[in-house]
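Report on the following structure.
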Amino acid sequence: MPVLALDTSAAASAAVVDDAGRTLATRSSGETRRHAEALTPLLDAVLAEAGVARTDLTAVVAGTGPAPFTGLRVGLVTARTLGLALGIPVHGVSSLDALALAAVRAGDGADGADGDLLVVTDARRKEVYWARYRAVVGAGTEPGVELVDGPGVDAPAALAGRLDGALLVGPGTALYPGDLPPVPGTPDVVDPADLARVALARLAVAGDGVVLPTEPLYLRRPDAVPPAAAKRARA
């Protein structure tokens, strides 16, 4: 029962996992732009590597960000189109959730105060996206993560004042080491297979028929807005 996961919150990336969460194939474009051009060939390549036909898929998991509007929209529209064409459910998972799970799976979460991790990614404009998590036991004995606070967007210095001993995780730390000291060995890219693992763990608890929301996390208003209506000149 293979599951396809894709993410465009940073580079375009895709993975295929089995229903136990084991990675069958994973790939990334390595580029943070040109998502529309890169994603479809990437999906074809990862399915071929896994030896899985599109009609074999049982679900699609899409990264919901946070991320800028354009790149995130490409991934979500592609996931929804695939789900509609194949008649399978499409589930949404935050890219911050995936980074938190990767850190816990690597054994890094145990060193944070009370098991807390603060996941940080680049929000541009000298800001970072963030969310705070706690390591928990997921379905069976598999590790999982629980959202404690966020997600949000803040200046690095403002976020540094709210660390409270949490372990810093994610690519945003390397950009602002003075405020957010990076921890060596923690994940710095989103593995789409971790998106699928988060989704599978949540669905195991929620039961049959549940669909995880795919609303995107933009966390900011779009830069482009309709122009205001011209005011009438008084006679």
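Taking first residues from segment 144-163 that are under 21 Å from Tyr218 (Cα atoms) and partners that are part of a loop (DSSP other than H, G, I, E, B) and of a type in the set (Phe, Trp, Tyr), the Cβ contacts under 8 Å between residues at least 6 apart in sequence or on separate chains come to Pro156/Tyr176. Out of all the residues in segment 95-102, is one or more in contact with a helix residue (DSSP H, G or I) (Cβ under 8 Å, 6 or more places away or on another chain), in contact (Cβ under 8 Å) with a residue 60 or more places away in the chain and farther than 25 Å from Val210 by Cα? No; the residues of segment 95-102 include none that is in contact with a helix residue (DSSP H, G or I) (Cβ under 8 Å, 6 or more places away or on another chain), in contact (Cβ under 8 Å) with a residue 60 or more places away in the chain and farther than 25 Å from Val210 by Cα. Taken over segment 1-33, the criterion of being surrounded by fewer than 23 Cβ atoms within 10 Å (Cβ to Cβ) and under 14 Å from Thr78 (Cβ atoms) is satisfied by Ser29 alone. For residues in segment 126-169 being not small (Gly, Ala, Ser) and not in a strand (DSSP E or B), which is nearest to Asp194 (Cα to Cα)? By that ranking, first place goes to Glu142.
Taken as a whole, the condition of being outside the structural domain of Gly75 (by TED's automatic domain parsing), outside any loop (DSSP other than H, G, I, E, B) and at pLDDT 95 or above does not apply to Ala123. All told, Leu6 meets the bar of being of a type outside the set (Phe, Trp, Tyr) and either outside any helix (DSSP H, G or I) or assigned by TED's automatic domain parsing to the domain that holds Pro171 (or both).
Scanning segment 22-44 for residues that are in contact (Cβ under 8 Å) with a residue 24 or more places away in the chain and either under 16 Å from the mean Cα position of the chain (by Cα) or more than 21 Å from Ala102 (Cβ to Cβ) (or both) turns up Thr26, Ser28, Thr32, Arg33, His35, Ala36, Ala38, Leu39, Thr40, Leu43. Contact map, segment 179-192: residues that are more than 11 Å from Ala98 (Cα to Cα) and outside the structural domain of Ala11 (by TED's automatic domain parsing) paired with residues that are of a type outside the set (A, V, I, L, M, F, W, C) and surrounded by fewer than 17 Cβ atoms within 10 Å (Cβ to Cβ), Cβ distance under 8 Å, separation 6+ or inter-chain. No pairs are found.
The values are calculated or read from the model by the stated rules, or taken from the named source; none is laboratory data. Quick caveat: nothing in here was measured; it's all calculated off a predicted structure. Using ideal geometry, Cβ is built from the backbone for each residue, glycine included, and neighbour counts are taken over all protein chains shown.
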